[in-house]
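Participant: Could you have a look at this structure, given as structure tokens, before my questions?
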Amino acid sequence: MSNIANKVVLITGASSGIGEATARVLAQKGARVVLGARRTDRLKTLAGAIEAGGGTARFRALDVTRLDDMEAFVAFAMAEFGRVDAIVNNAGLMPLSPLAARKIDEWNRMIDVNIRGVLHGIAAALPVMKSQGNGHVINVASIGGHLVYPTAAVYCATKFAVVAISEGLRQENDNIRVTVITPGVVQSELAATITDPGSQKMMEDFRRIAMPPEAIGRAIAYAISQPDDIDLSEIIVRPTASPY
């Protein structure tokens with residue numbers, strides 16, 4: 001993991017779940033992490049814990065649905081550390097519901113965060129990485145980016161989009177590494193956004209077997225740790241006992 005030490009890694013959705021766990025894992029391995037999310041109180045606590053443990057962390061409020069906010073986030077990292085080695089586009093929502101429920105506001109919010117948020121992260125970080133001559137874009141998708149489940153049509157569509165966007169970015173650049181991290185069921189707050197009662201019950205059953213978010217943090221660390229001429233294009237991580 002020596003290739004991680006001193007790298008500047010930006011993480012969106014860093015206030016909980018996969019984002020928080022990834023920040024802790026990478027900081028322990030010597031990365032300088034820049035944390036972004038809307039809940040700055042949690043970011044402050046996380047950054048303080050990382051610094052107290054001997055790591056290096058900075059944080060800034062971030063709304064990934066706003067390109068100007070994402071560009072400011074990247075500019076903040078540049079002002080603090082002078083470069084951007086990797087960005088982990090992790091922020092995501094999962095308010096599942098059947099299409100017949102017509103929860104259109106929730107559909108739009110998923111599209112804004114899960115797709116536009118990833119595109120904004122790419123748009124903000126790519127010019128810096130191209131200027132540097134290297135960089136690593138890591139997009140967090142989902143097993144729902146390969147399979148479609150009832151009540152998850154829109155969510156799965158957003159994650160299929162993340163996979164497609166990532167592959168397009170990879171093909172267009174020969175000096176930028178691109179990795180899709182595809183988690184199975186993870187212990188997180190993601191299901192807390194579900195407002196449809198039937199979908200809530202289904203998700204309770206679905207999440208009976210779940211892995212800790214640190215498992216995804218370790219997968220991200222593994223991808224970053226590879227030599228600069230090696231790109232792990234996708235890593236799928238599932239609980240051993242999970243059928244999904």
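The values are calculated or read from the model by the stated rules, or taken from the named source; none is laboratory data. Just so you know, these numbers come straight off a predicted model, no measurement behind them. Methodologically, a virtual Cβ is constructed for each residue, glycine included, from the backbone with ideal geometry; neighbour enumeration extends over all protein chains shown.
Participant: In this structure, does ALA31 turn out to be within 17 Å of SER225 (Cα to Cα), buried (at least 23 other Cβ atoms within 10 Å of the Cβ), touching a strand residue (DSSP E or B) at 6+ places or on another chain (Cβ under 7 Å) and small (Gly, Ala, Ser)? Spell out how you get there, then give the answer.
Facilitator: Numbers: within 17 Å of SER225 (Cα to Cα): yes; buried (at least 23 other Cβ atoms within 10 Å of the Cβ): yes; touching a strand residue (DSSP E or B) at 6+ places or on another chain (Cβ under 7 Å): yes; small (Gly, Ala, Ser): yes.
The answer is yes for ALA31.
Participant: Also, I was wondering about something else. Residues of the range 29-48 being under 17 Å from ASP85 (Cα atoms) and assigned to a helix (DSSP H, G or I), which ones? So that I can check it myself, show each step before the final result.
Facilitator: Applying the first criterion (under 17 Å from ASP85 (Cα atoms)) to the range 29-48 yields 29-36.
Hits for the range 29-48: nothing passes.
Participant: Answer yes if at least one residue in the range 200-218 is touching a Ser or Thr at 6+ places or on another chain (Cβ under 9 Å), at pLDDT 95 or above and either among the small types (Gly, Ala, Ser) or surrounded by fewer than 15 Cβ atoms within 10 Å (Cβ to Cβ) (or both), and no otherwise.
Facilitator: Within the range 200-218 (the criterion being touching a Ser or Thr at 6+ places or on another chain (Cβ under 9 Å), at pLDDT 95 or above and either among the small types (Gly, Ala, Ser) or surrounded by fewer than 15 Cβ atoms within 10 Å (Cβ to Cβ) (or both)), the answer is yes, since at least one residue qualifies.
Participant: A further question on this structure: Go through the range 135-189 and give me each residue that's of a type in the set (A, V, I, L, M, F, W, C), over 22 Å from ASP85 (Cβ atoms) and assigned to a loop (DSSP other than H, G, I, E, B).
Facilitator: Correct list: LEU147, VAL148, ALA152, VAL185.
Participant: From the residues in the range 85-96 that are under 12 Å from the mean Cα position of the chain (by Cα) and assigned to a loop (DSSP other than H, G, I, E, B), which one is nearest to SER166 (Cα to Cα)?
Facilitator: So, considering only residues that are under 12 Å from the mean Cα position of the chain (by Cα) and assigned to a loop (DSSP other than H, G, I, E, B), the one nearest to SER166 (Cα to Cα) is ASN90.
Table: residues versus (1) within 15 Å of the chain's Cα centre (by Cα); (2) assigned to a loop (DSSP other than H, G, I, E, B); (3) at pLDDT below 95.
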position	(1), (2), (3)
ILE50	no, no, no
MET70	yes, no, no
ALA75	no, no, no
ARG83	no, yes, no
ARG109	no, no, no
ASP112	yes, no, no
ALA125	yes, no, no
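Participant: Residue by residue through the range 64-106, note down the ones that are free of Cβ contacts under 8 Å to residues at least 12 places away in the same chain, of a type in the set (A, V, I, L, M, F, W, C) and within 20 Å of VAL148 (Cα to Cα).
Facilitator: ALA100, ILE104
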